[in-house]
Amino acid sequence: MKARAVDKIATIVIVTLALLIVAVLAGLLGYILFRGMSHISWDFLTSAPRKIREGGGIGPQLFNSLFLLILTLLITVPLGLGAGIYMAEYARPGRITGFIRLIVEVLSSFPSIVVGLFGLLLIVNIFGLGFSLVSGALALTVFNLPLMVRITEQAFRSVPAQQKEAGFALGLSKWKIVTTVLFPVALPAIITGTILSAGRVFGEAAALMFTAGMSSPRLDFGNWNPLSPSSPLNPFRPAETLAVHIWKINSEGLAPDAAQIAAGASAVLVITVLIFNLVARYVGRLIYRKLTASRRMN
Amino acid sequence: MEATLTAPQILKAPKMERDFRTENLSIFYGTYEAVKGISLPFPEKSVTALIGPSGCGKSTFLRSLNRMNDEISGSTSKGSIWIDGVDINAPGTDVIKLRQKIGMVWQKPNPFYKSIYENIAFGPKYHGVKGKKALDEIVESSLRRAALWDEVKDRLKDSALALSGGQQQRLCIARALSVNPQILLLDEPASALDPVSTGKVEELIKELKEQLRIVIVTHNMQQAARVSDFTAYFYLGQLIEYGMTEKVFTNPENTMTQEYIMGRFG
């Protein structure tokens, strides 16, 4: 009888906690969307911001966020996959791997403002990349790499060892086993890791203020030459992202509708993250099915 | 052939009997000697069963036959493994080539997370078989040899993981057969299966031994008696007794073997 009572209480406590978390999240999300949705319009999403007059939009910032995301993932995913696969499949357990793991963990707990200042010093000034999308992407890589490495390593480690043995017994090379036997099984976890790092790219502000900069040049969306300073595709131009923009108008916005713009921009940010999540999962599932001939992701 | 043959006698037998055998093979994990200088022949068209209590080194021995222990860090070996007059345990052996000659199947079915077709076609494709027709043929013949073709021929594109445990194990056997090995190593291939599937796998072993040599590790004495022609009893890394299965099971020379087979210990 006593065991049953304990069981019941534990169940109630756990369910309550879970509901509490859901309620907090739903409340937060609802609040942001409720305050911002009314301000979102096609014009708001595509036009450039205005300094002191009403009616400015967030077009360049939204584009910058997405472009920065692509740049960051282009750097993070190959590096993270490479390092993670090395840690899981190639490195012999010992002091060096332990040391790498320690560094990766320390990196992931760096305060973002420190990473920002480090980026300013090293990437922006010493490397001479200036306030630019590339600088921002490199700074974000500092945070995202640890996450990507860990998740990749764990994803590969959690593939049953018998899969590898089966590959060896067939006379496959290690490289072939890693890329075609283990990778498809590890893919769902790797996609989750990519989505998590993407979330940080959208949300990060502190590290970007000093690396990607807090302003955007006047962009000409008809100019697709990536070397031209006014082209949106130029990765060496400064770029204020959506999150930085929200911070800026909240703290020093002069436009009379600054509060509404911040609310609208926040809602757009949340929706963008949501859409990215869904799309990434969907695409990931398609690839997983293609590689493993299964009907669902397990 | 005589009614019973001891290991030394078989080693002296005509070449046909000797072309796959181990000679003083020892396997170490660090400094621990898991297998102690074992010489065993694996005659053609026959099944050799390795029996013995857990930890006696029989699985380690089996794994060393296709150099799978190479993948375990800290594992080293001494002695020779002769296949067709070549010592494959010598340094410099191309293990990738070697493993094509020796198929392996484990206790737990481990199909790749791929379609049934891909599971079989994967190895041959990697080893250079080109063209859909050639691959189709290999897939069909491998599945037929593993007595699985009729059950799966209409759903070759389905995931291999959707098959039952027994079917998965036969798929793994088919996968091992796909690269045309001369030797098949089975590590307790039926211990995770239900009786019906076990029966099918045992039938299969009896059929396959007409085409290749089979070495099987098993904890099931009845199974060893049913499927094998030769039996080797291992204890603490040593070979205690080797001979024709009938003889080992009915009239073993060593009392330890007898006690193990009777189930008094192990």
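Values quoted throughout were computed directly from the atomic coordinates according to the rules given, and no laboratory measurement underlies them. Note that the coordinates shown come from a computational prediction; the quantities given were computed from them, not determined experimentally. Quick reminder, even Gly has a Cβ in these numbers, built from the backbone with ideal geometry, and neighbours come from all protein chains shown.
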**Q.** Among B:Gly92, B:Gly52, B:Gly165: highest mean-square fluctuation, GNM of chain B, C-alpha pairs under 10 Å
**A.** B:Gly92
Q: State whether region A:113-154 is rounded, prolate or oblate according to the following rule on the C-alpha gyration tensor (a ≥ b ≥ c being the square roots of its eigenvalues): a/c under 1.5 gives rounded; otherwise a/b larger than b/c gives prolate, and the remaining case gives oblate.
A: prolate
Q) Kirkwood hydrodynamic radius of region A:1-128 from all distinct Cα pairs, in Å? A) 20.7
(Q) Residue by residue through region B:190-197, what is 3J(HN,Hα) from phi via Karplus (6.51 cos²θ - 1.76 cosθ + 1.60, θ = phi - 60°)? Round to whole Hz and write x for glycine and proline. (A) 10, 6, 9, 10, 6, x, 5, 5
Q. In square nanometres, what is one fourth of the surface area of the convex hull spanned by the alpha carbons of chain B?
A. 14.2
**Q.** Cubic angstrom per residue, convex hull over Cα atoms of region B:102-258
**A.** 115
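Please work out how much length the chain gains when fully extended from A:Thr192 to A:Thr179, using 0.36 nm per residue of separation minus the C-alpha to C-alpha distance, in nm with one decimal.
Length gained, A:Thr192 through A:Thr179: 2.8 nm.
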Q. At A:Ala91 and A:Arg53, where each label point lies 7 Å from the Cα along Cα→Cβ, what is the point-to-point distance in nanometres?
A. 5.7
**Q.** Debye intensity ratio I(q)/I(0), log10, region A:175-241, q values 0.11, 0.12, 0.22, 0.29 Å⁻¹ (C-alpha model)
**A.** -0.49, -0.55, -0.88, -1.14
Q: Report, to the nearest 10°, how far helix B:165-177 tilts away from the longest principal axis of the Cα atoms in chain B, using its own Cα long axis and a range of 0 to 90°.
A: 80
Q) In degrees, nearest 10, range 0 to 90: what is the angle between the Cα axis of helix B:132-145 and the longest Cα principal axis of chain B? A) 50
Q: Work out the charge dipole of chain B with +1 on the Cβ of Lys and Arg and -1 on the Cβ of Asp and Glu about the Cα centre, then indicate which of B:Gly57, B:Ile83, B:Ser178 is farthest towards its positive end.
A: B:Ser178
Q. Spin-label point model (7 Å from Cα, Cβ direction): what's the A:Lys290 to A:Val22 distance in nm?
A. 3.5
Q: Report, in debye and to the nearest 20, how large the dipole of chain A comes out about its Cα centre when Lys and Arg carry +1 and Asp and Glu carry -1 on their Cβ.
A: 1060
Q. At each listed q (0.06, 0.08 Å⁻¹), what is the log10 of I(q)/I(0) that the Debye formula gives for the protein assembly as shown modelled as equal alpha-carbon point scatterers?
A. -0.47, -0.72
Q. So what is the 222 nm mean residue ellipticity for chain B from helices alone, if each DSSP H run of at least 4 adds -39500 (n - 2.57) and you divide by all residues, rounding to the nearest 500 deg cm²/dmol?
A. -10500 deg cm²/dmol
Q: Starting at the first residue of region A:108-114, write each ³J(HN,Hα) from the Karplus equation 6.51 cos²θ - 1.76 cosθ + 1.60 with θ = phi - 60°, in whole Hz, x for Gly and Pro.
A: 6, 9, 5, x, 5, 5, 5
Q) Using a simple charge model, +1 on the beta-carbon of Lys and Arg, -1 on the beta-carbon of Asp and Glu, nothing else, what dipole does the protein assembly as shown show about its Cα centre, in debye to the nearest 20? A) 700
Q: Name the residues whose placed amide hydrogens come within less than 5 Å of the amide hydrogen of B:Ser75, ignoring near sequence neighbours (fewer than 5 apart) on the same chain.
A: B:Gly30
Q: Order by neighbour count: A:Lys164, B:Lys125, A:Lys8, fewest other Cβ atoms within 10 Å first, most last.
A: A:Lys8, B:Lys125, A:Lys164
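If you put +1 on each Lys and Arg Cβ and -1 on each Asp and Glu Cβ, how big is the dipole of chain B around its Cα centre, in Debye rounded to 20?
600
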(Q) Test of understanding: what is the full-extension gain from B:Met262 to B:Lys130, defined as 0.36 nm times their sequence separation minus their Cα-Cα distance? (A) 42.3 nm
Q.
From the alpha carbon gyration tensor of region B:223-265, can you work out the equivalent ellipsoid semi-axes (sqrt of 5 times each eigenvalue) and give them in Å, largest to smallest?
A. 15, 12, 10
**Q.** ³J(HN,Hα), Karplus 6.51/-1.76/1.60, whole Hz, each residue of region B:203-215, x for Gly, Pro
**A.** 4, 4, 4, 5, 5, 5, 5, 5, 9, 8, 7, 10, 10
(Q) Using only the alpha-carbon atoms, how far is helix A:183-203 inclined from the longest principal axis of chain A? Give it as 0 to 90 degrees, nearest 10. (A) 20
(Q) Give me the extension gain from A:Thr272 to A:Phe99: residue separation times 0.36 nm, minus the current Cα-Cα distance, reported in nm with one decimal. (A) 58.6 nm
Q) Which of B:Asn66, B:Asn119, B:Asn24 moves the most in a Gaussian network model of chain B with Cα springs under 10 Å? A) B:Asn24
Q: Please report, in Å, the Rg and the Dmax of region A:40-292, where both are computed over Cα atoms only.
A: 20.6, 71
**Q.** chain B: most fluctuating residue of B:Leu184, B:Leu171, B:Leu204 per GNM, C-alpha cutoff 10 Å
**A.** B:Leu204
Q: Find which of B:Tyr260, B:Ala134, B:Ala190 sits farthest along the positive direction of the dipole of region B:123-266, computed with +1 on the beta-carbon of Lys and Arg, -1 on that of Asp and Glu, about the Cα centre.
A: B:Ala134
Q.
Could you compute how fast region A:42-106 diffuses translationally, taking Rh as the Kirkwood radius over C-alpha pairs and applying Stokes-Einstein at 20 °C with viscosity 1.002 mPa s? Give it in µm² per second.
A. 141
Q) With each pseudo-label sitting 7 Å past Cα toward Cβ, what's the B:Glu71-B:Asp150 distance in nm, one decimal? A) 3.4
Q) Arranged by the count of other C-beta atoms within 10 angstrom, fewest first, what order do A:Glu54, B:Glu71 take? A) A:Glu54, B:Glu71
Q. Using the beta-carbon distance between A:Ser215 and A:Ile12 and R0 = 60 Å, what value does 1/(1 + (r/R0)^6) give for FRET efficiency, to the nearest 0.05?
A. 0.65
**Q.** Rounded FRET efficiency, nearest 0.05, which uses the C-beta distance separating A:Leu66 from A:Leu29 and R0 of 22 Å
**A.** 0.60
Q | Charge dipole (chain A, unit charges on Cβ, about Cα centre) - positive-most of A:Leu33, A:Ile190, A:Thr292 | A | A:Thr292
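To make sure I understand, if each residue's beta carbon is the centre and we count other beta carbons within 10 Å, what order do B:Lys114, B:Lys132 fall in, fewest to most?
In increasing order of surrounding Cβ atoms, one gets B:Lys132, B:Lys114.
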